[in-house]
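A.B. asks: My structure is below; once you've seen it, I'll send some questions.
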Amino acid sequence: MPLQINAVAEQINSIILGKSQQIRLAIACLLARGHLLIEDVPGVGKTTLAHAIATSLGLKFQRIQFTSDLLPADILGVSVYNRDNGSFEFHPGPVFTNVVLADEVNRATPRAQSALLEAMEENQVTTEGETRPLPRPFFVIATQNPSHQIGTFPLPESQLDRFLMRIELGYPDAQAERALLNGIDRRDLLSSLQPRLEPESLAQLQREVQQVHASPALLDYLQALVNHTRQAPYFEHGLSPRAALAMLHGARAWAYMDDRKHVLPEDLQTVLPAIIAHRLSPAGETSGASRNDLVARLLQQVAIP
Amino acid sequence: MVSLPTTLNTRIIGSREILWLGAGFLFASLPHLLRMPIWISVLAVGIAGWRLLQLRMHSKPAAKWLMVLIALAASAGILLQYRTLFGRDAGVSLLVIMLALKLLETRTQRDGMLLGFLGCFLLVTNFLHSQTIPTAAYMLGCAWLLIASLIGMQYTGAWPGWRTTVRRAGVMILQGVPLMLVLFLLFPRIQGPLWGLPQDAYAGLSGLSDTMSPGSLNNLILSDAVAFRASFTGGIPEPKDLYWRGPVLWDYDGKTWTAPRIVQSVNELPDHSPQIEYTVTLEPHNKRWLFALEFPGRRPPSSIATRDMQLLSFTPVRSRMRYDMVSSIGTAYGADDDRSLLERNLRLPPDTNPRTNEFAQELRKKFPNDRNLVADVLTRFRNENFVYTLSPPLLGEQPVDEFLFETRRGFCEHYASAFTVLMRAAGIPARVVTGYLGGEVNPVGEYILVRQADAHAWVEIWLENTGWVRIDPTAAVSPARVERGIASALPRTDVLPMFVRGDFALLQRMRLTLDSVTYTWNQWVLGYTPDRQRRFLSYIGFSESTWQTLAFVLMFCAGIAVLIGAAFALRDLRGVREDAVKKIYGRFCRKLERRGLRRDAAEGPRVFAQRAGQQHPELASAVAEITALYIALRYGGESGAERLQVFKNRVRAFTT
């Protein structure tokens, strides 16, 4: 792993114990300039992870706690009348930052959720008839509870598609949990975190990721996977071209983090569950299967050309 | 709920498709529209225009009963016009009207496709009228348009734009070319047109006839139409020898010369030398004469030769015909003709042309020798004030008297007629021969082009011990007609068809080149007869070509064409060809398989290498090395024969 990234990963690993693979994926997602969705039951450290990533990358970050009465203006900002100079002044919302931590994003109404849509895709927001660019880099790290829990508005597919990766943390293993119980409170540790990356070096790393070579053979494999989801009967609908691009970018970032200048089929296979599981839904005979099972089945059935 | 799929029957096509189809229909029927009676053309265009108006106004479809009514009324009108619903003209008119009504009715894709295919059928009927290169080019353009509109109809989603559909149509036409060539060359040919053309197809053909009355040749001389073309094996003979013999007219009723109905045929034509060899490509003229230089020495296939040296085809010439000929120039024939035959060539209607009779008797007294008499008459024609013109004054009841002694203005038919009458009155057997004189030498194609304008009439007389010899009284009056063609023989004021005039050098040159191309087209495309096909087949090695052989060769070639197409399609399906790197890695995997290490199809090379290394630590380093080479070549973007060779060698050396 490149040194700088290694430093970031180690710092996050010291806070979130026993989840190095997920942390690695999260970093890969940001290196591939994608937005990240962290999904799991409450209390496994989603918010802590998001916080730790933002701080370690040395980026300005804002946290928005999504609630059912959240309004778009609370996210984007609002114009307020200034009596001194007799005009309206725009007060930027929390979205004008490098990293937005959208906590419990599925607790807000679709109206508030959609306020993030344009920001995520176009890197700009439009309010009150005016379009304003967002600072670069711009990431959304969202956390959500499993959708079957009470008081949630599931994110629509169109919005899910905008997250490059979705990761699940899962319960820690016994050893990690013991360490957690023995150690200091994680919240206190968070305030002691130091940025491990200069803002410019993140941009540089992202450029290098883009230059990782994807050979025609690899692209054949990628397309074979995408085509399979479009043709096989056990998917409700196939993967979109945006998903295909996400697969390529994610695999590149993964290969880069493995110190390679080219993508291997294994890279694609590793990042694939995180990238496509939230974009697929089962159909027909497999409607009871979990999304992760679907991805495993896909990987099993498509031969590497 | 089950949603019905949209099918050809239910999918409504939009205004763009209708416009394309309408344009295709109009262009395909345009040549017909210009030929048909005006009311049919107006009706067809009107119906098509109505459909376009419907598009514009988004109005409802025309009522079914109204369309049926129009169809019935139009059929009745066509029946009245042509007295039949069959035959070329009536049939095409009916087809055009019905297609226009189909366009009016077209709503769904199925209608549209039907209209497109019927449009192609309509297009083919143009060949019933004309088979020239411009016609073929125009029809190719129309077919292109129709195919493009058919292609445009297939897009259920976004239309890719006219450039794409037109290009696709062009590609499809090009793809069809090899098959077309195979079918053209190998499909068993039938003599003449494929289907029997109705009688009215030949109505417009012009040419010489078996009678000659004042003014009949005159009309021909104003015609640009091509009579025939001839290419010579040796050089082209001099213009004064180019007498193309046609109908021979024996009988005279005081006004009109007529060919005898029955003439004895001969089996053997006299064999003189030297001979001139040439090939004639005769345009259809709906009569039986086959033209040849005087005098023919061979009989073309399916024809007879008569005692008076005419060549007659068994059936009227209704399609372009090609025959090889030999002729010997400047000879005579028929020295042994018997008295009864000659008697007929002395007969004159009684009580006609008294002054001519009187004059003939005087001449006879003065010149007992036939040859001297003829020479004297020709001298008179030459020296006295006779004029060669295409617009002679009208002649009355005694035409020869009036012509010889009063008007003295006329062209070949007047001179030939007068001279023959004079000879018969003087007791010398004589008759009128019609045909063509000269022709235009095309230096581009090295052949002679003879037009109807080159029609000519001359005389032959019978001399004791010699037989029938040619005398051309016109040559005595206007030697230029014989030597340099009709254009130079006439006064400048006479009207001449444009193609015969020789004013502009560039135009002349272009015209000659164009005609040469047409000649080649006629020879090789339109004139590709069963005979030519046989020769072509024997050239490529099928000497005994029955239709079975033809069918075999045809199927063979078509099969090859299909296989080639299938091979290309398969290659496209496979997408990428297996490259060498992959093949070598496959070899490596098979070697490992023999050790019980089977690579899963979905297993990446690095993961597989790790697994192999764990299961067989003794192989680990070799496997890792080969895998690294493979990854570098296949995924690392590395290439080069050297690197590939190393990889190949390692895999070959790898033993389990």
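A.B. asks: List pairs: first in region B:633-645 and under 19 Å from residue A:218 (Cα atoms), second hydroxyl-bearing (Ser, Thr, Tyr), Cβ under 8 Å, 6+ apart or cross-chain?
C.D. replies: B:633/B:639; B:634/A:215; B:634/B:585; B:635/A:215; B:636/A:215; B:637/A:215
A.B. asks: Working only within region B:122-132, note down all residues that are among the β-branched types (Val, Ile, Thr) and either surrounded by 16 or more Cβ atoms within 10 Å (Cβ to Cβ) or not assigned by TED's automatic domain parsing to the domain that holds residue B:92 (or both).
C.D. replies: B:125
A.B. asks: Let me ask something additional. Among the residues that make up region A:165-173, is at least one of them at pLDDT 80 or above, surrounded by 10 or more Cβ atoms within 10 Å (Cβ to Cβ) and more than 21 Å from the chain's Cα centre (by Cα)?
C.D. replies: Yes - at least one qualifying residue is present in region A:165-173.
A.B. asks: Can you tell me which residue among B:606, B:594, B:611 is in contact with an Asp or Glu (Cβ under 6 Å, 6 or more places away or on another chain) and either closer than 20 Å to residue A:269 by Cβ or away from every other protein chain (no Cβ under 14 Å) (or both)?
C.D. replies: Among B:606, B:594, B:611, only B:606 is in contact with an Asp or Glu (Cβ under 6 Å, 6 or more places away or on another chain) and either closer than 20 Å to residue A:269 by Cβ or away from every other protein chain (no Cβ under 14 Å) (or both).
A.B. asks: Then there's this: Only one of B:315, B:356 is among the β-branched types (Val, Ile, Thr), out of contact with any Phe, Trp or Tyr (no Cβ under 7 Å at 6 or more places or on another chain) and closer than 15 Å to residue B:401 by Cα. Can you tell me which?
C.D. replies: B:356 is the lone residue from the list that is among the β-branched types (Val, Ile, Thr), out of contact with any Phe, Trp or Tyr (no Cβ under 7 Å at 6 or more places or on another chain) and closer than 15 Å to residue B:401 by Cα.
A.B. asks: Here is a follow-up. Inspect region B:281-295 for any residue being more than 21 Å from residue B:437 (Cα to Cα) and touching a helix residue (DSSP H, G or I) at 6+ places or on another chain (Cβ under 9 Å) and give the result as yes or no.
C.D. replies: No, region B:281-295 contains no residue that is more than 21 Å from residue B:437 (Cα to Cα) and touching a helix residue (DSSP H, G or I) at 6+ places or on another chain (Cβ under 9 Å).
A.B. asks: Does region A:24-33 contain any residue that is free of Cβ contacts under 8 Å to residues at least 40 places away in the same chain and not aliphatic (A, V, I, L, M)?
C.D. replies: In the first step, residues of region A:24-33 are kept if they are free of Cβ contacts under 8 Å to residues at least 40 places away in the same chain; the result is none.
Scanning region A:24-33 turns up no residue that is free of Cβ contacts under 8 Å to residues at least 40 places away in the same chain and not aliphatic (A, V, I, L, M).
A.B. asks: Considering each of B:100, B:71, B:76 in turn, give the residue that is surrounded by fewer than 12 Cβ atoms within 10 Å (Cβ to Cβ), at pLDDT 90 or above, assigned to a helix (DSSP H, G or I) and in the same structural domain as residue B:40 (by TED's automatic domain parsing).
C.D. replies: Matching residue, one of B:100, B:71, B:76: B:76.
A.B. asks: In region A:198-221, what residues are within 12 Å of another protein chain (Cβ to nearest Cβ), in a helix (DSSP H, G or I) and surrounded by 17 or more Cβ atoms within 10 Å (Cβ to Cβ)?
C.D. replies: Within region A:198-221, A:217, A:218, A:221 qualify.
A.B. asks: Return the residues of region B:298-353 that are part of a strand (DSSP E or B) and either outside the structural domain of residue B:395 (by TED's automatic domain parsing) or of a type in the set (S, T, N, Q) (or both); say none if nothing qualifies.
C.D. replies: B:303, B:306, B:313, B:327
A.B. asks: Of all helices (runs of 4 or more DSSP H) completely enclosed by region B:362-428, which ones contain at least 2 residues that are touching a residue at least 60 places away in the same chain (Cβ under 8 Å)?
C.D. replies: Qualifying helices (runs of 4 or more DSSP H): B:370-383, B:412-425.
A.B. asks: Out of B:243, B:202, I need the residue that is of a type in the set (Ser, Thr, Tyr) and either at pLDDT below 75 or more than 19 Å from residue B:414 (Cα to Cα) (or both). Which one? Talk me through it step by step, then tell me what you get.
C.D. replies: Details: B:243 fails: either at pLDDT below 75 or more than 19 Å from residue B:414 (Cα to Cα) (or both).
Checking each option against the conditions leaves just B:202.
A.B. asks: Taking the criterion of being aliphatic (A, V, I, L, M), over 16 Å from the mean Cα position of the chain (by Cα) and either buried (at least 19 other Cβ atoms within 10 Å of the Cβ) or farther than 28 Å from residue A:184 by Cβ (or both), would at least one residue in region A:15-37 satisfy it?
C.D. replies: Scanning region A:15-37 turns up at least one residue that is aliphatic (A, V, I, L, M), over 16 Å from the mean Cα position of the chain (by Cα) and either buried (at least 19 other Cβ atoms within 10 Å of the Cβ) or farther than 28 Å from residue A:184 by Cβ (or both).
A.B. asks: Going by the structure shown, is residue B:601 at pLDDT below 85, farther than 17 Å from residue B:652 by Cβ and within 14 Å of chain A (Cβ to nearest Cβ)?
C.D. replies: Yes: the conditions hold for residue B:601.
A.B. asks: Using the structure shown, decide if residue A:280 is crowded, with 19+ Cβ neighbours inside 10 Å and either free of Cβ contacts under 8 Å to residues at least 24 places away in the same chain or within 14 Å of another protein chain (Cβ to nearest Cβ) (or both).
C.D. replies: Considered against the rule, which asks whether it is crowded, with 19+ Cβ neighbours inside 10 Å and either free of Cβ contacts under 8 Å to residues at least 24 places away in the same chain or within 14 Å of another protein chain (Cβ to nearest Cβ) (or both), residue A:280 comes out as no.
A.B. asks: Residue A:251: within 13 Å of chain B (Cβ to nearest Cβ), in contact with a Ser or Thr (Cβ under 9 Å, 6 or more places away or on another chain), small (Gly, Ala, Ser) and without any contact (Cβ under 8 Å) to a residue 60 or more places away in the chain, yes or no?
C.D. replies: The answer is yes for residue A:251.
A.B. asks: Somewhere in region A:43-55, is a residue assigned to a loop (DSSP other than H, G, I, E, B), within 24 Å of residue A:278 (Cα to Cα) and free of Cβ contacts under 8 Å to residues at least 40 places away in the same chain? Show your work before the answer.
C.D. replies: Of all residues in region A:43-55, those assigned to a loop (DSSP other than H, G, I, E, B) come to A:43-45.
After this cut, where a residue has to be within 24 Å of residue A:278 (Cα to Cα) as well, the list is A:43-45.
So of that shortlist, the ones also free of Cβ contacts under 8 Å to residues at least 40 places away in the same chain come out as A:43.
Scanning region A:43-55, I find at least one residue that is assigned to a loop (DSSP other than H, G, I, E, B), within 24 Å of residue A:278 (Cα to Cα) and free of Cβ contacts under 8 Å to residues at least 40 places away in the same chain, so the answer is yes.
A.B. asks: Suppose we keep only residues that are of a type in the set (S, T, N, Q) and touching a helix residue (DSSP H, G or I) at 6+ places or on another chain (Cβ under 9 Å) within region B:426-465. Which one would you say is nearest to residue B:234 (Cα to Cα)?
C.D. replies: Within region B:426-465, the match that is nearest to residue B:234 (Cα to Cα) is B:442.
A.B. asks: Next question. Among all residue pairs at least 6 apart or on different chains, which show Cβ distances below 7 Å where the first residue, located in region B:512-527, is modelled with pLDDT under 75 and among the polar types (S, T, N, Q) and the second is buried (at least 17 other Cβ atoms within 10 Å of the Cβ) and not in a helix (DSSP H, G or I)?
C.D. replies: Pairs found: B:522/B:281; B:522/B:320; B:523/B:281.
A.B. asks: Follow-up. Which members of region A:105-137 meet the condition of being surrounded by 21 or more Cβ atoms within 10 Å (Cβ to Cβ) and assigned to a loop (DSSP other than H, G, I, E, B)?
C.D. replies: Within region A:105-137, A:108 is the sole residue that qualifies.
A.B. asks: Do we find that residue B:370 is more than 16 Å from residue B:255 (Cα to Cα) and either touching a Lys or Arg at 6+ places or on another chain (Cβ under 9 Å) or at pLDDT 85 or above (or both) in this structure?
C.D. replies: It is true that residue B:370 is more than 16 Å from residue B:255 (Cα to Cα) and either touching a Lys or Arg at 6+ places or on another chain (Cβ under 9 Å) or at pLDDT 85 or above (or both).
A.B. asks: Out of the residues in region B:625-645 that are away from chain A (no Cβ under 14 Å) and modelled with pLDDT of 85 or more, state the one that is surrounded by the fewest Cβ atoms within 10 Å (Cβ to Cβ).
C.D. replies: Among residues in region B:625-645 that are away from chain A (no Cβ under 14 Å) and modelled with pLDDT of 85 or more, the one surrounded by the fewest Cβ atoms within 10 Å (Cβ to Cβ) is B:625.
The values are calculated or read from the model by the stated rules, or taken from the named source; none is laboratory data. Quantities reported herein were computed from a predicted structural model and do not represent experimental measurements. Every residue, glycine among them, receives a Cβ derived from its backbone with ideal geometry; neighbour counts consider all protein chains shown.
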